[in-house]
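Note sheet for the following structure.
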Amino acid sequence: MPEPPADHAEGDVGGPTSGSGRGKTVPTSPRRRTRTVWTVLALVLAVALAIGLAWRLTRPVAVEIQIVKASTVERVLAVVGRARPADLLDVRSPNPGQVAQLLHDDGDRVAQGEPLAIIKATVEAAQTRASAAQVRAAVAERQRAQLVFDRTKILLGKGFATRAAFDEARATLQSAQANLDAATATTTAAAELAKAYVVRAPMAGVVLLRPIDNGQVILPTTTLFVLGSLEGTEVQAQVDEAYADALHPGLAARAVQTGSDAAFAARVTEVSPQVDSATGGRLIKLVALGGPALAPGRSIDVTIVVDRRASGLVIPRTAVIDAATDPKIYVVDATDIVRLRRITILRWPSLDAIVEGGLSPGDRIVLAPGKVRPGKRVRPLAALAPSGG
């Protein structure tokens, strides 16, 4: 029995032949085609990633730079002071004793010479009374001596008294007058001593503090009242000795009460030549030129304008490397290459660094020097420049 013909000839997989049977095409399966497509895509993706990585590795790093510009620069010194009256006095008693009566309290206004307190002075009062009695006795004795002298004088003129009696009467009168003068002086001294136990205001002012109470026993070193003058308010502040040498009377300043936004003008009136050994500071005084009334003891933020430069250069301190020892900066040149440059900055406690040498207007400085190294090419991104020092 003859065998049926085969569906496909040997080596002919996938379908009928075309043409005369030469160069037969072998069709591929769907799975093989899918695998081929994924392989091509993977190769394309790998090439793209390699290109992107190479581009990233060779692309210059972007850095923020600032173009140096000349501007008006103020060299200022910021300190915190306190307001106080122009004259401030601690009122004390010259004598120890017990406070018998306080006549004023915090906030009271007093006139010059007005009594502030009375110190108990029992012994002194008794001495004053005794001195007054001695004066009365001396007055009576003088009157008696005067009568004897007048009578003796008349009798001498009529021949009924001797010259010796007259001289004795005159001497007795002179002695009585001297005793009266001594008693009067003693009384005056006792009265003045008693007056010292009445504490009076040495000037017109306002009572800022009364740290004692009635009945308290005091010494001559005890402060009874703190008295401030009525007119004139000044601001006092401590300035580090390293910067105080740059200050002098007449410098302008801007001031504002701590916690307030209302600024007012001030002027330096005094710079103490003495350095406080405990704080290392020198005392400066300023006077307010108008502005609000300053309560004694109020904190005042003061900005003193030491000098003003018409064409100064100011850069952020974050851009300076080794600012305390050997100041340097990174500058981006015309080819966008980072270069190291040494500069000179003013040794002054300002927010930004005031450049005295090594930079020119138009230079481009790197604001974050820690992100780059000298000799590297970068992509500069401009930043805003500061307005002043």
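Screening Thr335 with (1) β-branched (Val, Ile, Thr); (2) open to solvent by less than 30 Å² (accessible area, probe 1.4 Å); (3) more than 28 Å from Asp240 (Cα to Cα) gives one miss only, at (2). Of all residues in the stretch 283-305, those satisfying the criterion of being touching a residue at least 40 places away in the same chain (Cβ under 8 Å), open to solvent by 20 Å² or more (accessible area, probe 1.4 Å) and assigned to a strand (DSSP E or B) are Leu283, Lys285, Val287, Ala288, Ser299, Asp301, Thr303. Residue count for the stretch 241-265, restricted to those that are within 14 Å of the chain's Cα centre (by Cα), part of a strand (DSSP E or B) and within 20 Å of Arg75 (Cα to Cα): 4. Taking the stretch 156-184 as the range and being part of a helix (DSSP H, G or I) and among the small types (Gly, Ala, Ser) as the test, the residues that pass are Gly157, Ala164, Ala165, Ala169, Ala171, Ser175, Ala176, Ala178, Ala182, Ala183. Within the stretch 246-260, residues that are among the β-branched types (Val, Ile, Thr) and modelled with pLDDT under 95 sit with their Cβ atoms under 7 Å from residues that are open to solvent by 20 Å² or more (accessible area, probe 1.4 Å) and part of a loop (DSSP other than H, G, I, E, B), at 6+ positions apart or across chains, in these pairs: Val256/Ala262. Residues in the stretch 342-353 that are open to solvent by 80 Å² or more (accessible area, probe 1.4 Å) and in a strand (DSSP E or B): Arg342 only.
Val268 falls short on exactly one of the conditions (1) farther than 23 Å from Ser71 by Cβ; (2) of a type in the set (A, V, I, L, M, F, W, C); (3) open to solvent by 40 Å² or more (accessible area, probe 1.4 Å), and that condition is (3). Just a yes or no: is a residue in the stretch 116-127 at pLDDT 90 or above and open to solvent by less than 70 Å² (accessible area, probe 1.4 Å)? The answer is yes; a qualifying residue exists. Any residue in the stretch 220-240 that is farther than 25 Å from Arg109 by Cα, open to solvent by 40 Å² or more (accessible area, probe 1.4 Å) and not in a strand (DSSP E or B)? No, the stretch 220-240 contains no residue that is farther than 25 Å from Arg109 by Cα, open to solvent by 40 Å² or more (accessible area, probe 1.4 Å) and not in a strand (DSSP E or B). Looking for something touching a helix residue (DSSP H, G or I) at 6+ places or on another chain (Cβ under 7 Å), surrounded by fewer than 19 Cβ atoms within 10 Å (Cβ to Cβ) and either assigned to a helix (DSSP H, G or I) or in contact (Cβ under 8 Å) with a residue 40 or more places away in the chain (or both) - is there at least one such residue anywhere in the stretch 320-332? Yes, that holds for at least one residue.
The values are calculated or read from the model by the stated rules, or taken from the named source; none is laboratory data. All values derive from a computational prediction rather than experimental measurement. Cβ coordinates were reconstructed from backbone atoms using ideal geometry, including for glycine residues, and neighbour counts include every protein chain displayed. Just so you know, the surface numbers come from the protein's heavy atoms only, side chains and all, with ligands and any DNA or RNA stripped out. Shrake-Rupley method; radii C 1.70, N 1.55, O 1.52, S 1.80 Å.
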